[in-house]
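Following: one structure in structure tokens, then a few remarks.
The values are calculated or read from the model by the stated rules, or taken from the named source; none is laboratory data. All figures in this text were calculated on a predicted structure; none of them were measured in a lab. Cβ coordinates were reconstructed from backbone atoms using ideal geometry, including for glycine residues, and neighbour counts include every protein chain displayed. Side chains are part of the model used for accessible areas, which takes the heavy atoms of the whole protein and leaves out ligands, DNA and RNA. Shrake-Rupley method; radii C 1.70, N 1.55, O 1.52, S 1.80 Å.
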Amino acid sequence: MVAQIKANRPKIGDKTEEGTSDSHLDDSVLDMVEEILKPGSESNPVADVGLQFRNALMFTILRLTGMRRGELLNLRSEDFDFAKNTVRIVRRADSAGDPRTYQPVAKTRERTFPLIPELMQRIHEHIAKFRNKIPGARKHGYLCDSSFRTDCGLAAF
């Protein structure tokens, strides 16, 4: 019986930390993407200023926090605490209030990220000035709608 249990144990891979490679983009590439996504940039592929602002904001949130894209797309305006400069990652699997056909989910446990005050100010500006002008934004409290995936190329991921 002991031999049978040992035979069915998961095998430990031969990979060590030295053998695994950290795949990531260089800071120079990230800086270039951030420059292209800046609102008003001539290289920005999106014509609408509100969408440009939102896309730049979403890229900055991803870059500074390291959260997953599903967590980003699942952010609602009430997840931001402007008094404490924090954002909460909340699991909302199969949410009835989410009108999007592709409902992103947070795969990890709920947690809170501290954000720099400048970023919180930009998030507040987006919510106050631009969010209500995005088509369909009044139907839900999500910071960005599903069109974000195609607007700035997240569909490729």
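Overview of values
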read-out: Search result, residues across the stretch 27-78 that are in contact (Cβ under 8 Å) with a residue 40 or more places away in the chain, under 18 Å from Arg111 (Cβ atoms) and among the charged types (D, E, K, R); value: Arg68, Arg69, Arg76, Glu78
read-out: Number of positions in the stretch 1-21 that are under 36 Å from the mean Cα position of the chain (by Cα) and modelled with pLDDT of 75 or more; value: 0
read-out: Residues (modelled with pLDDT of 90 or more and of a type in the set (A, V, I, L, M)) located in the stretch 99-121; value: Leu115, Ile116, Leu119, Met120
read-out: Filter pass, Ala56 being assigned to a loop (DSSP other than H, G, I, E, B), at pLDDT 85 or above and not hydroxyl-bearing (Ser, Thr, Tyr); value: no
read-out: Options His140, His124: the member that is at pLDDT 85 or above and over 17 Å from Thr65 (Cα atoms); value: His124
read-out: Matching option when the condition is at pLDDT below 90 and not β-branched (Val, Ile, Thr), among Leu75, Leu30, Leu37; value: Leu75
read-out: Selection count, the stretch 61-74, where residues are open to solvent by less than 10 Å² (accessible area, probe 1.4 Å) and under 16 Å from Gln121 (Cα atoms); value: 1
